[in-house]
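Only one structure is covered here, and it is reproduced in the block below.
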Amino acid sequence: MIKLLIIDDHPLIIDGIRTMLKDTGYVEIAGACKTAREGLAFIVDHPETEIILLDINLPDMDGLRACELIRQINKQVKIIGLTYVNEAGIITQLIRKGANGYLLKNMEREEFIDAIDRVLNGELYLSKGANEKILQQLQAFDLPGNKVPVLTRREVEILQLLGKGLTSQEIAGRLFLSVYTIDTHRKNMLQKFNVHNTQALLNAVQELKILG
Amino acid sequence: MFSRISLAAAIWLFFLPAGLQRLAAQMTRMQMDSLQLILAKAKEDTNKVKLLMTLGNNVGYSDDKKALQYGKEGYDLSRRINYPLGIGRTAYLLANTYMDLGDFALSDSFLNVAEKYYLPLPDRSYLGTVYDARGGWNFMQAKYWAAAENYTRAAEIFDQIKDTSNSITTHQNLIAVLAQTRNFEKAVTLSLKVLPVLEKRKDTLQMGYTLQGLVTDLIYLDRIKEAKEHIGTLRYIADHTPDISLAGESYSTIGTFYFHEKDFRTAVGFFKQALQKGELLGSQYQIANHNKSIGSTYLELNDLPNAEKYLRMAMDVARRYHNTRAIYNISISLSEYYAKTGDYRNAYKSLLRHLTLKDSILNVDTRNYATYLESKYDSEKKEAEILRLQKVQEQKDFDIRRRNIYIGIGAGLLVFMLLLLSLLRRNFRNRQKLASQQAALQEEKIGNMEKQQQVLSLQSMINGEETERTRLARDLHDGLGGLFSTVKMHFSSLQHEVPSLQGHELYRKTFELVDSASEELRKIAHNLMPEVLMKLGLVEALKDFCNHVNAGRLMRISLQTYGMEDRLASSTEIMLYRIIQELVNNIIKHASATEVIIQLNREGHRLSLIVEDNGRGFDVKEAEEKRHMGIETVKSRVNYLNGRLSIDSRKDIGTTVMIDLLLNEG
């Protein structure tokens, strides 16, 4: 029998998982812990544990941190994160910290059993909704290559006027904005292009052909 | 003893409203006439309102009744053509004029109107003039601490926007209040500070007022030598100034000086000149005071018939206009008069009135002082915040109601479903009990939280709101969320055990309902406080948020962050997240934009947030006037962060919102 540990502070969840596992015949619940500390102690005492269901909201520790710690003391055990939320950032972090899978708590029996089987087979399992979210996010924000800063409309206007040699004061007058606002835009642009003065900024913009 | 009191009584200080640059705006007779000609032919539009105001402001220096006429006409016209700035400005003019004429109730009403229309204006100087005028109002009603408070508010606004000339006027009014509350030393010090500034600005009018106040204070402090140094200049001002009010007050001050020097003949002469000016102006306040001064001086000269005549006139006017302070001053002189004529019964009666009024004035003063002290430190912030927070609270109440409905539906559904289950499997019965207990507990918890929320103090309200949201979200996840999950787990296991159930219509429906209830709960909890924001911080939460909006395909949001590698204080992160959420929601609701850029720049302590869309734009002024819900919420949150908000929007081009702030953390 494959030994499974549940780390979750909600008593009913343990009950629900027990019900779902009842008929599988090959997985048994070896332990149920309510805190990360209890869970870590259990893993040290029972190195034969093969799979852990880890809630990422625990009363004594952040689940992401708990995952990291479990990984430190046991490299083989399979960890499936359990959460109630479907947020790409958290899922990505969890996988980075060494988890083998991720399930939403409102899963159904079929998906749950499937996840356990796959993870035991050495695969990575992500809940249906999570896959899509992570891909979207990867595409939108995390993929390298799109490194040229995008300018806002206001920034473009200000750049054009800076290019004509106008001072912040003059630009403020022309755009009906305060000098302070213009300065903030200018500082933002210096930071975006990693330059230290207006001339360098204009050069960088010209080089990148952003203003066309 | 009496002479000392009557001297004090002869001293009263002027006030002048800020915003009316009297000398600068003074026009020649000819200019006025030509304006009146234009007025006769003017069309019913904003220009006519402006014209009426110019005329009203100008005759205001010499003829209150005429000013009233122009003011009323301008006010009515502004209302007819729905011209908010015009309504505010004419209301302000009317308020000042009614104040001059002694009609304090009407003056107060118009001040309220002016304030209402000035509040949403970006140019805060208008609001400053209203507080200044209200200070004058309080001053005339002998509510000196309230006056001090209003003048301070006005001075703060003028200082903030660097409006030196109005700031000086307000400071002068503050000086007058200081004198009236017997803080003569302070008043003198402040006057001596202001005078050189005025000299530099070559502001002869304001110099006149300041000098007049200074001399009065010096006399009261018995610093006669110093007072004497200025008498010549003051005399010159009184003879030459076109400002009748200043002239009257200056003559009165000179009279007081001679009174103090026991040169009563000369004193009477100056008081009479003062009275003449007061009558010319039609100021009931001045008329009462100058008559009183003349009466008191005749008493010193033992000219009893004249003393009686002037004191009675003074009393008539003071009574007619409920000028408590004047009645108080006049009754002590009258008492002296009766004592001199041997009418001891009336002498006693007048003295009694004086003493009673003294008590009530003292009481009012003490009360005003207490309120003033109480509110001095935090009231200004509070008041502005209250308005905004009321809006926020309304939204929150609405949210809580909606949440309760969802939770109600959820809990109801739970009970219904568990009933169904108990028919199918006996051992579910125990759980049903547990579940409904939990649900009830949950509701009670939320109920308690609401109550707690209501008593949260104003200062921590926004922060408290977020703390409660976090707690509520956590409770929903851990409590109801866990319950729903378990129910689903059992449900799906049940289906596995009893395959025939799959075709059962009621079973399928119930299953679907549980599913959507659980999904709904997840969404609510997420909206309350996104887990990712707590665990991973602002940037990750924003990525998630943008992803979510982009998935809707209504518009494309891009996120750019610079220097945001370290996390910010969690309260700052939550505030910024909420601000962005609100701004983006507004864009979705109103802007019909296709592109949105969210940009965060952090360099050391400087943080700037830009949210820009390419939507249809909106009228920023109008939105502020209508206290548009979204903007109000954003404003109060930016305020919480001590940030600076600038919104600029152009029709059919888009809107750029910039928020910048200094971070406290390292």
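The values are calculated or read from the model by the stated rules, or taken from the named source; none is laboratory data. Just so it is clear, the structure is predicted and the values come from calculations on it, not from any experiment. Positions of Cβ are generated from backbone atoms using ideal geometry, with glycine treated the same way; all protein chains shown enter the neighbour counts.
Which of (1) surrounded by fewer than 22 Cβ atoms within 10 Å (Cβ to Cβ); (2) within 9 Å of chain A (Cβ to nearest Cβ); (3) part of a helix (DSSP H, G or I) is the odd one out, the single condition B:Asn547 does not satisfy? The number of the failed condition is (1). Restricting attention to the stretch B:236-248, the residues that are surrounded by 15 or more Cβ atoms within 10 Å (Cβ to Cβ), assigned to a helix (DSSP H, G or I) and at pLDDT below 90 add up to 5.
Name the one entry in B:Ala274, B:Ala288, B:Ala267, B:Ala238 that is closer than 29 Å to B:Asp303 by Cα and outside the structural domain of B:Ala314 (by TED's automatic domain parsing). Full working, then the answer.
Values: B:Ala274 fails: outside the structural domain of B:Ala314 (by TED's automatic domain parsing); B:Ala288 fails: outside the structural domain of B:Ala314 (by TED's automatic domain parsing); B:Ala267 fails: outside the structural domain of B:Ala314 (by TED's automatic domain parsing).
Going through B:Ala274, B:Ala288, B:Ala267, B:Ala238 in turn, the sole match is B:Ala238.
The rows are residues; the columns are (1) surrounded by 18 or more Cβ atoms within 10 Å (Cβ to Cβ); (2) modelled with pLDDT under 90; (3) under 16 Å from A:Lys187 (Cβ atoms); (4) not assigned by TED's automatic domain parsing to the domain that holds B:Ile587.
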residue	(1), (2), (3), (4)
B:Arg606	no, no, yes, no
B:Ala623	yes, yes, no, no
B:Lys626	no, yes, no, no
B:Asn642	no, yes, no, no
B:Leu645	yes, no, no, no
B:Lys651	no, yes, no, no
B:Gly654	yes, no, no, no
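When the residues of the stretch A:184-194 are narrowed to those that are farther than 18 Å from B:Val657 by Cα and polar (S, T, N, Q), which ends up nearest to the other protein chains (Cβ to nearest Cβ)? Here the residue is A:Gln191. Inside the stretch B:598-625, residues that are in contact (Cβ under 8 Å) with a residue 40 or more places away in the chain, away from every other protein chain (no Cβ under 14 Å) and more than 19 Å from A:Ser178 (Cα to Cα) make up a count of 1.
When B:Met575 is tested against (1) in contact with a Lys or Arg (Cβ under 9 Å, 6 or more places away or on another chain); (2) surrounded by fewer than 20 Cβ atoms within 10 Å (Cβ to Cβ); (3) part of a helix (DSSP H, G or I), exactly one condition is not met: (2). In this structure, does B:Gly255 turn out to be under 30 Å from B:Leu68 (Cβ atoms) and in contact with a Gly (Cβ under 6 Å, 6 or more places away or on another chain)? The answer is no for B:Gly255. Is it the case that B:Asp159 is within 30 Å of B:Leu214 (Cα to Cα) and in a helix (DSSP H, G or I)? When the stated conditions are applied, B:Asp159 passes them. Of everything in the stretch B:57-104 that is charged (D, E, K, R) and within 19 Å of B:Glu44 (Cβ to Cβ), the residue that is surrounded by the most Cβ atoms within 10 Å (Cβ to Cβ) is B:Arg89.
Of the residues making up the stretch B:562-584, those that are at negative phi and within 9 Å of another protein chain (Cβ to nearest Cβ) number 1.
Scanning the stretch B:124-144 for residues that are of a type outside the set (Phe, Trp, Tyr) and under 14 Å from B:Ala154 (Cβ atoms) turns up B:Arg124, B:Ser125, B:Leu127, B:Gly128, B:Thr129, B:Val130, B:Asp132, B:Ala133, B:Arg134, B:Gly135, B:Gly136, B:Asn138.
One residue is enough: does the stretch B:570-584 have a residue meeting the conditions of a type outside the set (Ser, Thr, Tyr), within 28 Å of B:Lys651 (Cα to Cα) and in contact with a Gly (Cβ under 8 Å, 6 or more places away or on another chain)? Checked the stretch B:570-584: at least one residue is of a type outside the set (Ser, Thr, Tyr), within 28 Å of B:Lys651 (Cα to Cα) and in contact with a Gly (Cβ under 8 Å, 6 or more places away or on another chain). Select from the stretch A:1-18 the residues that are touching a residue at least 24 places away in the same chain (Cβ under 8 Å) and within 17 Å of B:Leu483 (Cα to Cα) and write down the one among them that is farthest from the other protein chains (Cβ to nearest Cβ). Here the residue is A:Ile7. Number of residues in the stretch B:404-420 that are of a type in the set (A, V, I, L, M) and either outside any helix (DSSP H, G or I) or surrounded by fewer than 17 Cβ atoms within 10 Å (Cβ to Cβ) (or both) equals 5.
Taken over the stretch A:68-78, the criterion of being touching a helix residue (DSSP H, G or I) at 6+ places or on another chain (Cβ under 6 Å) and closer than 16 Å to A:Tyr125 by Cα is satisfied by A:Lys78 alone.
Only a single criterion out of (1) farther than 27 Å from B:Asp64 by Cα; (2) out of contact with any Leu (no Cβ under 9 Å at 6 or more places or on another chain); (3) in a helix (DSSP H, G or I) is not satisfied by B:Lys262, namely (3).
Looking at the structure I just gave you, is B:Asp222 in contact with a His (Cβ under 9 Å, 6 or more places away or on another chain), outside any helix (DSSP H, G or I) and among the acidic types (Asp, Glu)? Criteria met by B:Asp222.
Answer yes if at least one residue in the stretch A:89-101 is within 12 Å of chain B (Cβ to nearest Cβ), more than 30 Å from B:Val498 (Cβ to Cβ) and part of a loop (DSSP other than H, G, I, E, B), and no otherwise. Within the stretch A:89-101, one or more residues are within 12 Å of chain B (Cβ to nearest Cβ), more than 30 Å from B:Val498 (Cβ to Cβ) and part of a loop (DSSP other than H, G, I, E, B).
Of B:Leu559, B:Leu536, B:Leu494, all but one fail to be within 10 Å of chain A (Cβ to nearest Cβ), in contact with a Cys (Cβ under 7 Å, 6 or more places away or on another chain) and not aromatic (Phe, Trp, Tyr); the exception is B:Leu559. Checking each residue in the stretch B:626-646 for being outside any helix (DSSP H, G or I), among the aliphatic types (A, V, I, L, M) and more than 12 Å from every other protein chain (Cβ to nearest Cβ) picks out only B:Leu641. Against the conditions (1) crowded, with 21+ Cβ neighbours inside 10 Å; (2) within 10 Å of chain B (Cβ to nearest Cβ); (3) closer than 27 Å to B:Phe491 by Cα, A:Tyr125 satisfies every one except (2).
Kindly check whether there is at least one residue in the stretch A:200-212 that is of a type in the set (S, T, N, Q) and under 22 Å from B:Leu609 (Cα atoms). Taking every residue of the stretch A:200-212 in turn, none turns out to be of a type in the set (S, T, N, Q) and under 22 Å from B:Leu609 (Cα atoms).
Among residues of the stretch A:160-183 that are closer than 19 Å to A:Leu201 by Cα and more than 14 Å from chain B (Cβ to nearest Cβ), those with a beta-carbon under 8 Å from a residue that is assigned to a helix (DSSP H, G or I) and among the acidic types (Asp, Glu) at least six positions away or on a different chain give the pairs A:Leu161/A:Glu170; A:Ser168/A:Asp183.
Pairs are defined by a Cβ separation below 9 Å, a sequence spacing of at least 6 or placement on different chains, a first member in the stretch B:476-490 that is at the interface with another protein chain (Cβ under 7 Å from one of its Cβ atoms) and touching a residue at least 40 places away in the same chain (Cβ under 8 Å), and a second member that is surrounded by fewer than 24 Cβ atoms within 10 Å (Cβ to Cβ) and among the basic types (Lys, Arg); the pairs so defined are B:His477/B:Arg522; B:Gly481/B:Arg522; B:Phe484/B:Arg522; B:His490/B:Arg425; B:His490/B:Arg431.
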